[in-house]
Protein chains: 4
Amino acid sequence: MKVIADICVVPIGVGVSLGSYIAVCEKILIDAGLQLHLHGYGTNVEGEWDQVMRAFKDCHEALHDMGVPRISSTIRLGTRTDREQTIEDKIRSVEEKL
Amino acid sequence: MKVIADICVVPIGVGVSLGSYIAVCEKILIDAGLQLHLHGYGTNVEGEWDQVMRAFKDCHEALHDMGVPRISSTIRLGTRTDREQTIEDKIRSVEEKL
Amino acid sequence: MKVIADICVVPIGVGVSLGSYIAVCEKILIDAGLQLHLHGYGTNVEGEWDQVMRAFKDCHEALHDMGVPRISSTIRLGTRTDREQTIEDKIRSVEEKL
Amino acid sequence: MKVIADICVVPIGVGVSLGSYIAVCEKILIDAGLQLHLHGYGTNVEGEWDQVMRAFKDCHEALHDMGVPRISSTIRLGTRTDREQTIEDKIRSVEEKL
């Protein structure tokens, strides 16, 4: 099952500057071989369900290993059986109607 | 790694009455042996990360098997290493301060 | 326009114990005269769109006034024109199918 | 109060092809004079709180006026008092650490 997900990881208890923690997560998602698109409030990820979820779990584990005591993440996940669709397809399907 | 999650599954392409689909997901989460709390915009779930994520994937697969062509879900997930905490603990930590 | 919302406010930069901040938000939502249901990962709120959004903004402003330097919130919001529905209706429409 | 938000609007009860509805929302956000970044699972928006929330409400109202009977949206919202930050700043703060 393919999934398009949007992941936003919020480390808690390590102050207000979170960019270096988010960068660690980005590297994990890239190393997992996922199609990625970083935006201003999360990251679009495209891949097989288990592959995406494995990488997402790795992010939580890596941040805790770095000393982050608490993490609150949010994910949006879309699956569909009617047709194949990529992140690029989704963006194009909106932009061509603007 | 323990997780407290809040899951909201939105079936798309099957009209506006979604209660019967959500009930299927509730049964899957219950059968997975998870601590649950159904509320008005999702379900709190408490358990081991892999157990929660396995059950969540089962929800998507079950709905697609029922003929739902598209699903858009959102999850909030919290993990922490500083101490053990249950859904009940989280609610109590707010209510005792009201 | 009526809305059923689920609000989760995450204060950042004030350590890992967030219950007292969430309690401040609960009081603001209660004082706004909204129907509420606190759960383990947010709060269900029911009311007129502007009333809900006004109270939600008041939460952000009150926490910043208390010294919280950064806040990351997530909301789910549902509106519908086909029929009136309350938080209780939504829960019942699932539970009666279990 | 400035806010950076990420908005994802999901029309329900109008089938599985949602691009044309999302395009209507994009136009509303653009016409509101907001800084925007459309991605594969939502749209980043930057502006004054009331301006962002007004435009978001306009999206719900416009879709209902087009005949969408039910809408389920999710928003992430960030506010901070420690410093000014744009969507571009947030992305750069991660990318420079990759």
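Throughout, read-outs are computed from the coordinates displayed, never taken from laboratory work. The shown structure was predicted, so the numbers you read here are calculated from the model rather than taken from an experiment. Note: ideal-geometry Cβ built from the backbone for every residue, glycine included; neighbour counts use all protein chains shown.
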Handout entry: Within segment A:8-24: backbone nitrogen closer than 14 Å to the A:Ile30 label point (7 Å, Cα to C-beta)
Key = A:20-24
Problem - Nm distances between copies for A:Ala62, ranked from closest, using label points 7 Å along Cα→Cβ - result: 3.3, 3.8, 3.8
Exercise for the section: Ignore the peptide's own chain and count Cβ atoms of other chains within 10 Å of each Cβ in B:55-62; give me the average, rounded. Expected result: 3
Practice task
Work out the mean other chain Cβ neighbour count within 10 Å for the residues of B:89-98 and drop it here as an integer.
Solution key: 6
Practice task
State, to one decimal in nm and shortest first, how far the label point of D:Asp31 sits from each corresponding label point in the other identical copies (label point: 7 angstrom along Cα-to-Cβ).
Solution key: 3.7, 4.8, 4.8
Problem - Amide H within-cut-off set for C:His39, under 5 Å, with H built and near neighbours excluded - result: C:Asn44
Completion exercise
Given pairs B:Lys90/D:Lys97; C:Lys27/C:Lys90; A:Lys97/C:Lys90; A:Lys2/B:Lys27 and cut-off 26 Å on Cα-Cα distance, the over-length ones are B:Lys90/D:Lys97; A:Lys97/C:Lys90
Problem - Degrees separating the helix D:49-65 axis from the principal Cα axis of chain D, which is the longest one - result: 20
Handout entry: Sum of side-chain charges, B:Arg80 neighbourhood, beta-carbon under 12 Å (Lys, Arg +1; Asp, Glu -1)
Key = +1
Completion exercise
With the label set 7 Å along Cα→Cβ, A:Lys2 is separated from its counterparts in the other copies, in nm and shortest first, by 3.8, 3.9, 4.0
